[in-house]
Amino acid sequence: MFVQFSCGENTLITESGKPKIDKVEPVNISIGDTIEIYGTNFGDPSIYSYLFLGDTTKISSTQCLKWTISKIKIVVPKLIFEKIFVVVDKDTSNKFQLKINALPKIDTVEIVGGNFTMGSRDGLKDEQPEHEVSISGTLIVSKFEISQRMFSQVMGYNPSIVKDNRLPVDSIEWSVAVDFCNKLSVLYGLKPVYQFTGNNATWDTTANGWRLPTEAEWEYICKAGSNSDYSGSNVVDHLGWYNMNSGLQSHPIGTKQANAYGLYDIHGNVWEWCWDWYSSEYYTNSPKINPRGPAEGDRRVARGGSYSEGNSFARSSNRFYQTEFLPQTGFRIVRNK
């Protein structure tokens, strides 16, 4: 399925000769990337000029995102091809070799498990009591909140209110987040974590696929070795987007400072779903090693705050449960190494 292309600028032909492709940027390309093809003698958009993706798939210059005499700019469709060339009238350019990565690129951080103090003695009642928790093993964690671009690549649609591939995906229900994890796992040849019986999801702990973090894992990777409200600089304005600095809208992922583990936007921007059912009393009897939340419930936990809430919601220990659908909700993913 091709993405939709729209036409761009008109230019006058100022050179003559066969078209020639000199370079393509970026060098590492994934499906959904915007690429720029540089060269000479591409001419004006015309019904007689085409960009070929491989030997058989052609896109007319009148359908491209942008076509000028020296640059063609397009979005890579859901198609694997290893070369491109340009045809202008009866002249054919050189065939330029490319490598397209069919899998969405995931920037990750490896975080070794350990012990930490979960909760807050000064926080809300459901953040108490403070208690020691142990996270075992090593987690592979997405460095950023899942972007609209990645979500669209995997799911084939974008539910976000303001559509921009640089922004975190929003308007995500919990069930959609776990469905994304399963589908991404299949794309990567990993065993899906979640099994569904009707609307109920169970977790296969032997699976190696992508999943949502548990609430304890989320707080562990957020605090990043500290016990402060905002990990890293401990200044929320350095780390995240919340209602006093966001303009009440989400912002491109990774534009604030990372925390000490190299994770971006873990404070603010959009809420991040966790696996756990919510219980206000869970901390009074939760297990010390790898807690996974109550066995049942009627709402799931989200963490980290968002662009529309105050800074207190973005605290590392703050717990949030959604009683109704909130558009400012996205997610981050993890898997076990």
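The values are calculated or read from the model by the stated rules, or taken from the named source; none is laboratory data. Keep in mind that this is a model prediction, so the values were computed, not measured. We place every Cβ from the backbone using ideal geometry, glycine too, and count neighbours over all the protein chains shown. The protein model used for the area step is the full one, side chains on, heavy atoms only, and it has no ligands, DNA or RNA in it. Shrake-Rupley method; radii C 1.70, N 1.55, O 1.52, S 1.80 Å.
The table that follows gives values for the structure above.
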item: Amide H within-cut-off set for residue 172, under 5 Å, with H built and near neighbours excluded; result: 329
item: Cα-based reach from residue 95 at 28 Å (exclusive), listing lysines while leaving out same-chain residues under 8 positions away; result: 18, 20, 23, 58, 66, 71, 73, 78, 83, 105
item: For segment 112-121, 3J(HN,Hα) per residue [Karplus equation, 6.51 cos²θ - 1.76 cosθ + 1.60, θ = phi - 60°, Hz, x = Gly/Pro]; result: 6, x, x, 9, 7, 9, 9, x, 8, 6
item: For residue 227, net neighbour charge (Lys/Arg +1, Asp/Glu -1) across residues whose Cβ lies under 13 Å away; result: -3
item: Amide H partners (placed H, <5 Å) of residue 49, local residues excluded; result: 61, 89
item: Built amide H within the under 5 Å cut-off of residue 147, gap 5+; result: 169
item: Residue 20 accessible area, 1.4 Å probe, all protein chains in place, Å² to nearest 10; result: 100
item: For segment 166-177, Karplus couplings with θ = phi - 60° (6.51, -1.76, 1.60), whole Hz, Gly/Pro x; result: 7, 8, x, 5, 10, 6, 9, 7, 4, 5, 6, 4
item: Helical mean residue ellipticity (222 nm; -39500 (n - 2.57) per DSSP H run of 4+; nearest 500) of the chain; result: -3000 deg cm²/dmol
item: Label selected from (i) 46, 20, 17; (ii) 42, 26, 19; (iii) 43, 22, 19, the criterion being semi-axes √(5λ) of the Cα gyration tensor in Å as computed here; result: (i)
item: Cβ-based net charge around residue 304, under 15 Å, with every Lys or Arg adding one and every Asp or Glu removing one; result: -3
item: Local electrostatic count, residue 25, Cβ distance below 15 Å [Lys/Arg +1, Asp/Glu -1]; result: +2
item: Phi to ³J(HN,Hα) by Karplus 6.51 cos²θ - 1.76 cosθ + 1.60 over segment 134-149, Hz, x for Gly, Pro; result: 10, 9, 9, x, 10, 9, 9, 10, 5, 5, 10, 4, 4, 7, 4, 4
item: Listed peptides 190-196, 49-55 by packing density, highest first (mean Cβ within 10 Å); result: 49-55, 190-196
